[in-house]
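S.K.: This is the structure I have questions about; it appears just below.
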Amino acid sequence: MECCRIYKVQKLVSCLSTCIFPDKTTYPIDETMIHDGAPHLSNEGYAYAKRMIDVMNRCYKDEYGCNFTSVIPTNIYGPHDNYSIQGGHVVPGLIHKCYLAKKNGTPFEVWGTGSPLRQFIYSGDLAALTVWVLRSYDSTDPIILSVPEEKEVTIKDVALMIRDAMEFKGEVKFLTDKADGQYKKTASNEKLAGLRPDFQFTPMAEGLKKACDWFCANYETCRK
């Protein structure tokens, strides 16, 4: 940020995360609630570091007039992701698992009951919205970039959409002895919808098909 100030960068857009919100909160979460309480202990260092970006954006605006802002995406998925089963996020990890299950003739195993709810945004949609923020969003206050609350889906829904996209005909097995994790992190996109009511999000089944096709075509060289 200091380098951006020194070299007079016209606009800086930083990326925050829904992990920065308080652990104990009400839903849906929105942009005004970032600093309302302590984050989950598992994300403490990361969350406070990201929160400080919001603080610094405001301080640089007040002190120097800098045009700094931030976006808060929900769960991102799409081509060119990190498809590591151990180190990747839920969607790319499930895509990789389904690919191996189809290749090896084994069950497609999904950790947990499949009941947790999540909002997912296709990477192409996030890219388009981030460019819009860079060009047209003039506030220092952060903005959540997400599909609407009613587009929230269960992990089971995601797994079954991946199964269909991969044309996997075997058993989908939910390992109910494994932890589900946080049940939901529902985020409000009311602010975004008010500014971009015309924006059309990629339907999740369509986005997952693109992600699965890309992964299969680039299996040998992609991050995994």
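S.K.: Would you check if there is a residue in region 109-130 being in contact (Cβ under 8 Å) with a residue 40 or more places away in the chain, polar (S, T, N, Q) and part of a strand (DSSP E or B)?
M.R.: Among the residues of region 109-130, not one is in contact (Cβ under 8 Å) with a residue 40 or more places away in the chain, polar (S, T, N, Q) and part of a strand (DSSP E or B), which makes the answer no.
S.K.: Please find, among Cys59, Cys66, Cys19, the residue that is in contact (Cβ under 8 Å) with a residue 12 or more places away in the chain, over 30 Å from Lys173 (Cα atoms) and surrounded by 13 or more Cβ atoms within 10 Å (Cβ to Cβ).
M.R.: Only one candidate qualifies: Cys66.
S.K.: Is it true that Leu192 is free of Cβ contacts under 8 Å to residues at least 40 places away in the same chain, in a helix (DSSP H, G or I), more than 15 Å from the chain's Cα centre (by Cα) and surrounded by 15 or more Cβ atoms within 10 Å (Cβ to Cβ)? Walk me through it before giving the result.
M.R.: Working: free of Cβ contacts under 8 Å to residues at least 40 places away in the same chain: no; in a helix (DSSP H, G or I): yes; more than 15 Å from the chain's Cα centre (by Cα): yes; surrounded by 15 or more Cβ atoms within 10 Å (Cβ to Cβ): yes.
Answer is no for this residue.
S.K.: Considering region 23-69 alone, what residues qualify as being polar (S, T, N, Q), closer than 18 Å to Gln119 by Cβ and within 18 Å of the chain's Cα centre (by Cα)?
M.R.: Listed by number, the list holds a single entry, Asn43.
S.K.: Consider region 114-136. How many of its residues are of a type in the set (Ser, Thr, Tyr), buried (at least 21 other Cβ atoms within 10 Å of the Cβ) and over 26 Å from Gln182 (Cα atoms)?
M.R.: Result for region 114-136: 0.
S.K.: Are there any pairs with C-beta distances below 7 angstrom linking a residue in region 22-35 that is free of Cβ contacts under 8 Å to residues at least 60 places away in the same chain to a residue that is outside any loop (DSSP other than H, G, I, E, B), with the two at least 6 apart or on different chains, and if so which?
M.R.: These pairs meet every condition: Pro22/Met33; Thr25/Met33; His35/Arg51.
Residue-by-condition table, conditions (1) modelled with pLDDT under 95; (2) over 30 Å from Ala205 (Cα atoms); (3) part of a helix (DSSP H, G or I):
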| position | (1), (2), (3) |
| --- | --- |
| Cys4 | no, yes, yes |
| Gln10 | no, yes, no |
| Lys50 | no, yes, yes |
| Ile53 | no, yes, yes |
| Arg58 | no, yes, yes |
| Gly93 | no, no, yes |
| His96 | no, no, yes |
| Ala101 | no, no, yes |
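Table: residues versus (1) among the basic types (Lys, Arg); (2) modelled with pLDDT of 95 or more.
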{"position": "Val153", "(1), (2)": "no, yes"}
{"position": "Val158", "(1), (2)": "no, yes"}
{"position": "Ile162", "(1), (2)": "no, yes"}
{"position": "Val172", "(1), (2)": "no, yes"}
{"position": "Lys191", "(1), (2)": "yes, yes"}
{"position": "Lys210", "(1), (2)": "yes, yes"}
{"position": "Asp213", "(1), (2)": "no, yes"}
{"position": "Asn218", "(1), (2)": "no, yes"}
{"position": "Lys224", "(1), (2)": "yes, no"}
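S.K.: Among the residues of region 162-180, is any surrounded by fewer than 15 Cβ atoms within 10 Å (Cβ to Cβ), closer than 21 Å to Thr26 by Cα and either in contact (Cβ under 8 Å) with a residue 12 or more places away in the chain or within 21 Å of the chain's Cα centre (by Cα) (or both)? Give the steps one after another, and end with the answer.
M.R.: The initial filter retains those residues of region 162-180 that are surrounded by fewer than 15 Cβ atoms within 10 Å (Cβ to Cβ), namely 164, 167, 169-171, 173, 175-180.
Of the ones still in play, those that are also closer than 21 Å to Thr26 by Cα are 180.
Subset that is either in contact (Cβ under 8 Å) with a residue 12 or more places away in the chain or within 21 Å of the chain's Cα centre (by Cα) (or both): 180.
Within region 162-180, one or more residues are surrounded by fewer than 15 Cβ atoms within 10 Å (Cβ to Cβ), closer than 21 Å to Thr26 by Cα and either in contact (Cβ under 8 Å) with a residue 12 or more places away in the chain or within 21 Å of the chain's Cα centre (by Cα) (or both).
S.K.: Taking the condition under 22 Å from Lys97 (Cβ atoms) and exposed (fewer than 15 other Cβ atoms within 10 Å of the Cβ), does Asp198 pass?
M.R.: Spelling it out, it is not the case that Asp198 is under 22 Å from Lys97 (Cβ atoms) and exposed (fewer than 15 other Cβ atoms within 10 Å of the Cβ).
S.K.: Test Lys224 against the stated conditions and say whether it is over 30 Å from Pro22 (Cβ atoms), free of Cβ contacts under 8 Å to residues at least 60 places away in the same chain and surrounded by 13 or more Cβ atoms within 10 Å (Cβ to Cβ).
M.R.: It is false that Lys224 is over 30 Å from Pro22 (Cβ atoms), free of Cβ contacts under 8 Å to residues at least 60 places away in the same chain and surrounded by 13 or more Cβ atoms within 10 Å (Cβ to Cβ).
S.K.: Also: All but one of (1) without any contact (Cβ under 8 Å) to a residue 40 or more places away in the chain; (2) surrounded by 15 or more Cβ atoms within 10 Å (Cβ to Cβ) hold for Val90; which doesn't?
M.R.: Just one mismatch for Val90, condition (1).
S.K.: Another question, if that's okay. In region 157-179, what count of residues is obtained for those that are out of contact with any Phe, Trp or Tyr (no Cβ under 8 Å at 6 or more places or on another chain), among the charged types (D, E, K, R) and assigned to a loop (DSSP other than H, G, I, E, B)?
M.R.: 3
The values are calculated or read from the model by the stated rules, or taken from the named source; none is laboratory data. Remember, predicted model here, so these are calculated numbers, not experimental data. Cβ coordinates were reconstructed from backbone atoms using ideal geometry, including for glycine residues, and neighbour counts include every protein chain displayed.
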